[in-house]
Amino acid sequence: MASPYDLQEQEQLAQIKHFWARYGNLITWLLIAVLGGYAAWNGWQYWQRKTALEAATLYDELDRAARANDVDRVRRVWSDMQKQAGRSAQAQQAGLLAARVLHDAGAADESREALKVVVNRAADPGVVAVARLRLAGLELEAGDHAAALKWLEASFPAEYAALVADRRGDVLLAQGQAEAARQAYQSAWRAMSPEVDYRRIVEAKLNALGVDPTRASE
């Protein structure tokens, strides 16, 4: 004859079996989802660390190539970085560096393409702003004033307003619009802190247009 304890155990087992029959599949899938998510998170973290390490190594190599003025090596490393760590922060800084080296080497088209990669991929608005300003400068050098102004039409962080106004003044002056250029330079001069050395360059541009901004601001 079964004891009360045996009957109680059998009842508990029956309840467990009933519960598992009803909810077992759901619990299994929930566990799979949780464990799968945990594994994916670990995999993502590992990939992030691996990418960051690769990006740092490649940037260091690119920096050495740039300092050595080894243009072919800069091209190779920049290409590798786009393939292996194209979305990393280091890659966007590398794009700016590669663009400068390529420009100095007379490869304006390649420099332009590197800057466009930065504009399209960089998450940092400041990095994008620098790339846009440099692209406007390249188009100004190429004599494509409309393209230069187009790169300056985007929204820029407030701290870049003075530089954008200055570059717009350069383009307008190249177009022969002296009065519009003067206004742009004055906006740039007013927006710059007196401690900024570049303000003196803007002041010189205004002087060349017959304007003394120090008197105009009195």
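The values are calculated or read from the model by the stated rules, or taken from the named source; none is laboratory data. Nothing here was measured: the structure is a model prediction, and the numbers come from that model. Counting neighbours? That spans all protein chains shown, and the Cβs are built from the backbone with ideal geometry, glycine included.
Structural remarks
- Selection of segment 117-157 for residues being closer than 22 Å to residue 94 by Cα and of a type in the set (Asp, Glu) yields 124, 139.
- Top-ranked residue of segment 175-195 - restricted to ones that are aliphatic (A, V, I, L, M) and closer than 21 Å to residue 131 by Cα, ranked as farthest from the chain's Cα centre (by Cα): 184
- When the residues of segment 118-146 are filtered to those that are at pLDDT 95 or above and outside any helix (DSSP H, G or I), the one that is surrounded by the most Cβ atoms within 10 Å (Cβ to Cβ) is 144.
- Screening segment 147-170 for residues that are part of a loop (DSSP other than H, G, I, E, B) and of a type outside the set (Ser, Thr, Tyr) and picking the one that is modelled with the lowest pLDDT gives 154.
The rows are residues; the columns are (1) assigned to a helix (DSSP H, G or I); (2) at pLDDT 95 or above; (3) more than 10 Å from the chain's Cα centre (by Cα).
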{"site": "87", "(1), (2), (3)": "no, no, no"}
{"site": "90", "(1), (2), (3)": "yes, no, no"}
{"site": "97", "(1), (2), (3)": "yes, no, yes"}
{"site": "112", "(1), (2), (3)": "yes, yes, yes"}
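- Test: residue in segment 201-210 that is under 29 Å from the mean Cα position of the chain (by Cα) and basic (Lys, Arg): no
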